[in-house]
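Trainee: To start, I am sharing the structure in question, which I have written as structure tokens.
Values in this text are rule-based calculations from the coordinates and carry no lab data. Computed from a predicted model, the values in this text were never measured in an experiment. Virtual Cβ from ideal backbone geometry, glycine too; neighbours counted across all protein chains shown.
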Amino acid sequence: MFGQLTPANSMKWDAIEPEQNVFSFTGGDQIVALAEATGKIMRGHNLVWYNQLPNWVTYGSWTPETLTSVIETHVRTEVSHYAGRIYAWDVINEPFNDNGTMRANVFYSTLNTSYIGIALRTAHAADPKAKLYINDYNLEYTGPKIDAMVRLVEDLLAAGVPIHGIGFESHFILGEVSPSQLQTNMERITALGLEVAVTELDVRIELPVTDADLEQQKADYMSVVQTCSAVSGCVGVTVWDYTDKYSWISSTFPGYGAACPWDANLDRKPAYDGIAMGFTEY
Ligand code: G3I
């Protein structure tokens, strides 16, 4: 049923390089082995992100030169380890604020936007066949964030930096999917020659959940999948946790939950049928 896997946590910096130059691939190796044993491709998630960083990165006393070396070592070592086994990497995760400015983090404050090209070039050298992505949320609506992403892609392409895809995370609130805005934004990216993907789809519901909510959720899942199907260059849809049992939503958004296509008992919800309809009825 699934054709591809993404690790939610086990390939992030704190898991892979908890201490400088000490690499731990145990969790990542497990999921890659599972994917290969069951005939699935892998998205690698993620290489450079402000969150789930080990303290030694966040609070290090970096100069531009030393932080460049830290990024290069991390990206080269992780991407080389999995070279040939990862279809696409989220090289840069969530670089923007919602207003389209660059998010202040250790990378940006030390290196300005150059950290993005440094990471992308290093990843490309380590696995030239892997598709390299920048991944972010709230790109699903028109506004300053997608505008900023389009400008960034244009700048990277003009500078000859390897960049192949943009991930639309797609963490929706029930009833707030706008297929027309999503399609417009995806097509702005594909018009630049990149692919796009829905990388972290879920649709959170304010609790308690009603039957009407579940029907709306089915419609929301369907319209996202339909939109991706309608955009040539949208290569896939990933759900962010498939079961409500493990979803990140309730801990991050108290009062919300039930965001996944399977419930906590691993029974299919109407959303499951919405996904299937989105693929078949397009
Ligand atoms: O590993 C520790 C464990 O040792 C400890 O006992 C436990 C107690 O809290 O925490 C465990 O770490 C948790 C980790 O997930 C692994 O389960 C963290 O607290 C928790 O914050 C972390 O949440 C993850 C979150 O990213 C962190 O930002 C979610 O699982 C993960 O689904 C979520 O994924 C992100 C994407 O990477 C980027 N886009 C947004 C998305 C949702 O936040």
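Trainee: Can you report the number of residues in the range 7-45 which are more than 16 Å from the ligand (Cβ to nearest atom), among the hydroxyl-bearing types (Ser, Thr, Tyr) and farther than 23 Å from Val239 by Cβ?
Mentor: 0
Trainee: Filter the strands (runs of 3 or more DSSP E) completely within the range 39-143 down to those with at least 2 residues that are touching a Ser or Thr at 6+ places or on another chain (Cβ under 7 Å). Spell out the reasoning first.
Mentor: On the way: elements: 41-48, 88-93, 131-136.
Where strands (runs of 3 or more DSSP E) fall fully within the range 39-143 and carry at least 2 residues being touching a Ser or Thr at 6+ places or on another chain (Cβ under 7 Å), they are 41-48.
Trainee: While we're on this one: Test Asn46 against the criterion of being in contact (Cβ under 8 Å) with a residue 60 or more places away in the chain and within 14 Å of the chain's Cα centre (by Cα), and give yes or no.
Mentor: So Asn46 passes the test.
Trainee: For the range 168-205, what are the residues that are small (Gly, Ala, Ser) and out of contact with any Leu (no Cβ under 8 Å at 6 or more places or on another chain)?
Mentor: Listed by number, the residues that qualify are Gly175, Ser178, Ser180, Ala191, Ala197.
Trainee: If you take the residues of the range 144-164 that are part of a helix (DSSP H, G or I) and not hydrophobic (A, V, I, L, M, F, W, C), which of them is surrounded by the most Cβ atoms within 10 Å (Cβ to Cβ)?
Mentor: Lys145
Trainee: Counting only residues that are among the acidic types (Asp, Glu) and closer than 20 Å to Val196 by Cβ, which one in the range 94-137 is nearest to the ligand (Cβ to nearest atom)?
Mentor: Residues of the range 94-137 that are among the acidic types (Asp, Glu), as a first pass: 94, 98, 127, 136.
Narrowing the set further to residues that are closer than 20 Å to Val196 by Cβ leaves 94, 98, 136.
Values: Glu94: 6, Asp98: 14, Asp136: 8 Å.
Filtering first and then ranking leaves Glu94.
Trainee: Would you say Thr68 is touching a residue at least 40 places away in the same chain (Cβ under 8 Å), over 19 Å from the mean Cα position of the chain (by Cα) and surrounded by 19 or more Cβ atoms within 10 Å (Cβ to Cβ)?
Mentor: yes
Trainee: With the checklist (1) surrounded by 20 or more Cβ atoms within 10 Å (Cβ to Cβ); (2) more than 18 Å from the chain's Cα centre (by Cα); (3) not aromatic (Phe, Trp, Tyr) in hand, flag the one item Ala197 doesn't pass.
Mentor: It fails just one condition, (2).
Trainee: Filter the range 207-219 down to the residues that are surrounded by fewer than 23 Cβ atoms within 10 Å (Cβ to Cβ) and in contact with a helix residue (DSSP H, G or I) (Cβ under 8 Å, 6 or more places away or on another chain) and list them by number. Give the derivation first.
Mentor: Quick first cut of the range 207-219, residues surrounded by fewer than 23 Cβ atoms within 10 Å (Cβ to Cβ) only: 207-216, 218-219.
Once the filter is applied, which keeps residues that are surrounded by fewer than 23 Cβ atoms within 10 Å (Cβ to Cβ) and in contact with a helix residue (DSSP H, G or I) (Cβ under 8 Å, 6 or more places away or on another chain), the range 207-219 yields Leu214, Glu215, Lys218, Ala219.
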